[in-house]
1. Give me the percent of accessible area attributable to carbon and sulfur for the stretch 179-338, probe 1.4 angstrom.
2. The stretch 233-249 to the stretch 334-374: how many Å between their Cα centroids?
3. Which order do the peptides 123-129, 179-185 come out in when sorted by mean C-beta neighbours inside 10 angstrom, highest first?
4. Taking 0.36 nm per residue of sequence separation and subtracting the Cα-Cα distance, how much length would be gained by fully extending the chain between Gln175 and Glu219, in nm to one decimal?
5. Considering only the other residues whose Cβ falls under 10 Å of the Cβ of Ile133, what net charge follows from Lys and Arg at +1 and Asp and Glu at -1?
6. Ranked highest first by the average count of other Cβ atoms within 10 Å around their residues, in what order do 283-295, 347-359 fall?
7. Tell me the Rg and the Dmax, in Å, that the Cα atoms of the stretch 270-374 produce.
8. Can you compute the radius of gyration and Dmax for the stretch 121-234, using only the Cα atoms, both in Å?
Amino acid sequence: MQPQDIEDLIERYNSGMTTPAENALVESWYLKYKHGDPYLSQEQLEEDQKESLDKLLNEIQGGAKRIQLSRWAIAASILFFIAVGGYFFSINNNYHRQIAVAKPQKQDVAPGGNKAILTLGDGSTIVLNSAKIGKLARQGNIIIKKAADGQISYNDVSSSHTSKNEVYNTAATPQGGQYQFILADGTKVWLNASSSIKYPVVFNGNERRVELTGEAYFEVAHNAKKPFKVISNGQTVEVLGTHFNINAYNDEQAVKTTLLQGSVKVSAGKVSNIIKPGQQARFDHGLIDVMNVDPDEVVAWKNGFFFFEDNNIQEVMRQLSRWYGVEIKYEGQLPSRRFSGEISRNVNLSQILDILSFKQIHYKIDGKKIIVMN
């Protein structure tokens, strides 16, 4: 952001002509600069911006009585400042999962929610989000139930816990959908938007095997005698009992497996790797690379947040497209900006697009289509 841009923003702020988002941005600058935030020190600013910001913040300080920050204003401005100034700094744990309310749009898209379709072994389907609480179906010795919180579980009512016939179910979420399941072995699965998982209603044999497209987070019930395997886009993840996340969308460059607890073996063809907690295996073009990551950031989607770390506009828009169920169209040359930060997934699409617009990303909402312009 250039000094002239800062001056214009401050002038509009003092005149009461700024939006709530811009107010949050200016007020965050003031607080962080005033209290000597090490992540927003003068050393991080260019010399010409130092003098301008010094002068302008002194002007704000003179009229500090009108600065009354709410928790959401501070937190939202964090992402705004990242987008506008390009500075990445630590986020206070008390505030970092909030978001500002942007100006309302004539056209807008609501966030996704718990939506999924369950396809049973006989081909019949159940729309899970509209299904009644309680028993949904029975397949052999397995009763499928929906709990009050919407979670789906498989309960074996037999004494042998085996079934002669292998019966498979498939759970699929649409764009704008997510869902949670408990499989027959007690494994918990969180399914992200535009994803599907195929699994047997009872795990017979010497392994537990499921097939995944899209993204899911697993908390696998431990069974040393029966490994749990996830097949996705040419790779196999094998565990005995652990917590991990797999991102295997077809439109992403690599299949990413991130470990939170325990140990995971990732293999594809003749190559394999064992990863530790805090590591991520990326399978791309027959190779598996391992790197250190923050697992909490990877599974932010499960906890109701988007997390961006130096993502380009296409990577950001793919996430928005899946969650809001919209088509993305680009006009002109693609913007070269990159984005970092965390935003709630429980807000309307326009609020997120309003944040992106701080980095000169222009957009238009046309029904279920988002037109992005440079």
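1. On the way: 2930 of 6890 Å².
For the stretch 179-338, the apolar C and S fraction of the accessible surface comes to 43 percent.
2. 31 Å
3. Details: 123-129: 13.3, 179-185: 21.7.
Per-residue mean Cβ counts within 10 Å order the peptides as 179-185, 123-129.
4. On the way: separation 44, 0.36 × 44 = 15.84 nm, distance 2.34 nm.
Full extension of this stretch gives 13.5 nm more.
5. Working: positive: Lys132, Lys135, Lys145, Lys146; negative: Asp149.
Here the charged neighbours net out to +3.
6. Details: 283-295: 14.1, 347-359: 20.5.
In decreasing order of mean packing, 283-295, 347-359 become 347-359, 283-295.
7. Cα radius of gyration and Dmax of the stretch 270-374 are 16.0, 47 Å respectively.
8. 13.6, 39
The values are calculated or read from the model by the stated rules, or taken from the named source; none is laboratory data. Fair warning: this is a prediction, and the values are worked out from it, not measured in the lab. No Cβ is skipped: glycine too gets one built from the backbone with ideal geometry, and neighbour counts run over all protein chains shown. Just the protein is used for accessible areas: all its heavy atoms, side chains included, with ligands, DNA and RNA removed. Shrake-Rupley method; radii C 1.70, N 1.55, O 1.52, S 1.80 Å.
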